[in-house]
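Worksheet: the structure to be examined is printed underneath.
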There are 2 protein chains.
Amino acid sequence: MTAGAGRLSLNQATTRHWALAEVIRGCAEAGIGGIGLWRDAVEQAGAATTARLVRAAGLAVTSLCRGGFFTAADAAGRAAALADNRRAIEQAAAVGAPVLALVCVGLPPGQRDLPVARQQVTDGIAALVPHAESHGVRLAIEPLHPMFCADRSVVSTVAQAAALAAPFPPGQVGIMVDAYHVWWDPAVAESIVAAGPRIAGYQVSDWVSPLAGDVLMARGHVGDGCIDFTRLRGALGAAGYQGWTEVEIFNERVWATPGPQTLRTVVERYHRYLAAPGPG
Amino acid sequence: MTAGAGRLSLNQATTRHWALAEVIRGCAEAGIGGIGLWRDAVEQAGAATTARLVRAAGLAVTSLCRGGFFTAADAAGRAAALADNRRAIEQAAAVGAPVLALVCVGLPPGQRDLPVARQQVTDGIAALVPHAESHGVRLAIEPLHPMFCADRSVVSTVAQAAALAAPFPPGQVGIMVDAYHVWWDPAVAESIVAAGPRIAGYQVSDWVSPLAGDVLMARGHVGDGCIDFTRLRGALGAAGYQGWTEVEIFNERVWATPGPQTLRTVVERYHRYLAAPGPG
């Protein structure tokens, strides 16, 4: 593995039907050095057990998915969202995840006012920063593809995430760049470079067209679609990003594939499309 | 109808199963003053017949859909695309359409280089401008939703369309703003205002979530989704846009509805959500 390429991490959503212990063993056996965790799996196993299993396998936790979901129709809903985000921060700290990915949620039901929803995201992040700071967890705003703007994220671009993060130090509020969500953006390369030390993580899967029926499940293995990962890697390099490359694929067919086979594909595609060229 | 609101036009794709003569009669009977035409319908009826029917019904043609599709894997493909665009310009002139909407096409098969594809769009537009000018037709670059970036349009935002149009006078190369494609953009209002006299048309349908299986067919009647048309109308007003509001809905259920009923809904929603407030 070469420095600057982002070492390879597996987000556990890629092998969704594997239990936590299986995915940890699978990563270790496949030579994958990092793992991105999901809260439901951590809660099922318990944070302490999770941390112990990961450490025993010699893996690094690269992120926890996910907090966010800040917008709500009323104050009680927003307060509940903040309480849940505080628990997510505590879980991230407990499992040793340096980064908590934030999915900033779409419009509340029946609402059409995007500026209001975006302001609620701004307020939600500001309310979480002290708790995150005291737990040593970095918040990472994750822009989602504009096709999820209505129901999942009113934050759609890297530049928009950078503007939301701007009031806070980069070490406290960063940006999770997911290639699948941002590849189409004509400004993505400049936005990544401009974000510089804000880049807190890099997730990858490929855009396979035509889109599958369920757009949440349409992602492909890196190399199966049309995303120019070389260009994105160049921008991340210019931004000074030296962190992990986390493979996160939501795809029923990938999930139906035996885990070890999926991990072989992930590793092979990493070396072919994602790892930096060089003497490494 | 009030000035500044954009008077109501029906894009014939909304009543896809109606023949040209039926949709023209339907618009006239429903009090809809404008019609947006599609090339296949014009070719089937003949441009001269189309122009005669529209004129006899007292309708204005508001746009012709569509040219574009500039990117191709080789020079022969690009030359064929330009020849087809020249025919589209001639058809627009023949039916009295002031505007030809351009869908700028996605990545060529097997290609991943968005900047190259976008350069081909730039070159394609430049090559068409003289022909369009000599026929009195305005080209209107239509940004499409980023979910169509791979296979339909590498132009995704109003700002990007404005940058593509910038080398040419606004009367020669403008922008078609389609609410369904651009509503999510955090910069959409400022981009529309900044585009000012570049705005060449305004199309509407609503974003209904969750997205239907076929994302091409997921559009709803205005008011059935989450788009804030009041905010968009405000931006268009600030841009000085006084043109038509063209309702263009791709939706199998709308198509299965009897045409007169669809037109009643279109008119009712226009008055409720789209027409400018005021004494009109």
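The values are calculated or read from the model by the stated rules, or taken from the named source; none is laboratory data. Being a predicted model, the structure only gives us computed values, none of them experimental. Counting neighbours? That spans all protein chains shown, and the Cβs are built from the backbone with ideal geometry, glycine included.
Any residue that is surrounded by fewer than 23 Cβ atoms within 10 Å (Cβ to Cβ), without any contact (Cβ under 8 Å) to a residue 24 or more places away in the chain and not charged (D, E, K, R) - is there at least one of those in region B:27-44?
Scanning region B:27-44, I find no residue that is surrounded by fewer than 23 Cβ atoms within 10 Å (Cβ to Cβ), without any contact (Cβ under 8 Å) to a residue 24 or more places away in the chain and not charged (D, E, K, R), so the answer is no.
With the requirement that a residue be part of a loop (DSSP other than H, G, I, E, B) and either buried (at least 23 other Cβ atoms within 10 Å of the Cβ) or out of contact with any Lys or Arg (no Cβ under 9 Å at 6 or more places or on another chain) (or both), what does region A:146-176 give you?
Passing the criteria: A:Cys149, A:Ala150, A:Asp151, A:Arg152, A:Val154, A:Val155, A:Ser156, A:Thr157, A:Pro167, A:Phe168, A:Pro169.
Consider A:Ala117 carefully, then state whether it is small (Gly, Ala, Ser), modelled with pLDDT under 95, in a helix (DSSP H, G or I) and exposed (fewer than 14 other Cβ atoms within 10 Å of the Cβ).
So A:Ala117 fails the test.
To keep it simple, each residue is scored yes or no on (1) closer than 24 Å to A:Ala60 by Cβ; (2) within 14 Å of another protein chain (Cβ to nearest Cβ); (3) basic (Lys, Arg); (4) touching a Leu at 6+ places or on another chain (Cβ under 9 Å).
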| residue | (1), (2), (3), (4) |
| --- | --- |
| A:Leu100 | yes, no, no, yes |
| A:Pro108 | no, yes, no, no |
| A:Val121 | no, yes, no, yes |
| A:Ile125 | no, no, no, yes |
| A:Ala132 | yes, no, no, yes |
| A:Leu144 | no, yes, no, no |
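Please specify each residue of region A:121-145 satisfying the condition of being assigned to a helix (DSSP H, G or I) and among the small types (Gly, Ala, Ser).
Within region A:121-145, A:Gly124, A:Ala126, A:Ala127, A:Ala132, A:Ser134 meet the criteria.
Among the residues of region A:187-196, which ones are surrounded by fewer than 17 Cβ atoms within 10 Å (Cβ to Cβ) and within 14 Å of chain B (Cβ to nearest Cβ)?
Those that are surrounded by fewer than 17 Cβ atoms within 10 Å (Cβ to Cβ) and within 14 Å of chain B (Cβ to nearest Cβ): A:Ala187, A:Glu190.
Within the group A:Arg112, A:Arg66, A:Arg78, which residue is buried (at least 16 other Cβ atoms within 10 Å of the Cβ) and without any contact (Cβ under 8 Å) to a residue 12 or more places away in the chain?
None of the others qualify; the one that does is A:Arg112.
Give, as residue ranges, the helices (runs of 4 or more DSSP H) completely inside region B:197-278 that count at least 1 residues that are surrounded by 22 or more Cβ atoms within 10 Å (Cβ to Cβ), of a type in the set (Ser, Thr, Tyr) and more than 14 Å from chain A (Cβ to nearest Cβ).
B:259-269
What helices (runs of 4 or more DSSP H) completely inside region A:1-109 contain at least 1 residues that are modelled with pLDDT under 95 and of a type in the set (Val, Ile, Thr)?
Fully inside region A:1-109 and qualifying: nothing.
Look through region B:65-105, keep the residues that are of a type in the set (S, T, N, Q) and under 19 Å from the mean Cα position of the chain (by Cα), and return whichever of them is farthest from B:Arg16 (Cα to Cα).
B:Asn85
Scan region B:149-179 residue by residue and report those that are within 16 Å of B:Val193 (Cα to Cα), at the interface with chain A (Cβ under 10 Å from one of its Cβ atoms) and aliphatic (A, V, I, L, M).
Passing the criteria: B:Ala159, B:Ala163.
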